[in-house]
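For reference, the structure is listed below as structure tokens.
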Amino acid sequence: MEEVVRARGHENVTGRHASTLEVTTDDYLTAAGDCILGIEADRTPAAFDREFVSACADADAMITLVLEADGHTETVTGSGHPEIELTNDRGFVARTSTYVDDRTVLVDADTAAGDVDRNLVSALADGADLTATLRVE
């Protein structure tokens, strides 16, 4: 199963956060948002197919997030969690921890914003379009 979210970068994208990465529908980004890689997302977790959400709520699920912008790609791999509900109407977060809230799309991620390829982060800081593809198995 798959969900695709389109967003764009912003001049304040720094990709420095050590434990999370986020894509949001907000149309702005302050320098404090060091986990945010994309803004103005065209979809939110609340709009995801409920079958997709149920699959993410399986502790045995493997979830991948593929980030693509300006010819650069980063693949983030993590796990599902029984408390994932994906009801947030602003954005989604991938976490290296097991913390879950209404934005959490995957836990135990092998990549946070600070680990993302610097060429991809630079492209997003230049305002490149971002495609975020979530897959659950």
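Every read-out reported here was derived from the displayed coordinates using simple, explicitly stated rules and does not represent laboratory data. Quick caveat, the model's predicted, so the values are computed rather than measured. Here Cβ is always computed from backbone atoms with ideal geometry, including for glycine, and neighbour counts include all displayed protein chains.
Below are the figures for this structure:
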| read-out | value |
| --- | --- |
| Simple label model, 7 Å out from Cα along Cβ direction - Ala18 to Glu137, nm | 3.1 nm |
| Point-to-point label distance, Glu11-Glu51, nm (Cα→Cβ direction, 7 Å offset) | 4.5 nm |
| Mean residue ellipticity (222 nm) of the chain, computed from DSSP H runs ≥ 4 via -39,500 (n - 2.57), nearest 500 | -3000 deg cm²/dmol |
| In sequence order, calculated HN-Hα J values of the stretch 70-80 (Karplus, 6.51, -1.76, 1.60; Hz; x Gly/Pro) | 6, x, 10, 9, 9, 10, 10, 10, x, 10, x |
| Net charge dipole size for the chain [Lys, Arg +1 and Asp, Glu -1 on Cβ; Debye, nearest 20] | 200 debye |
| Relative packing of 29-39, 52-62, which averages over residues the other C-beta atoms within 10 Å, highest first | 29-39, 52-62 |
| Over the chain: Rg over Rh, Cα atoms, Kirkwood Rh | 0.93 |
| Solution diffusion estimate, µm²/s, Stokes-Einstein, the stretch 29-86, Kirkwood Rh from C-alpha pairs, 37 °C, viscosity 0.692 mPa s | 246 µm²/s |
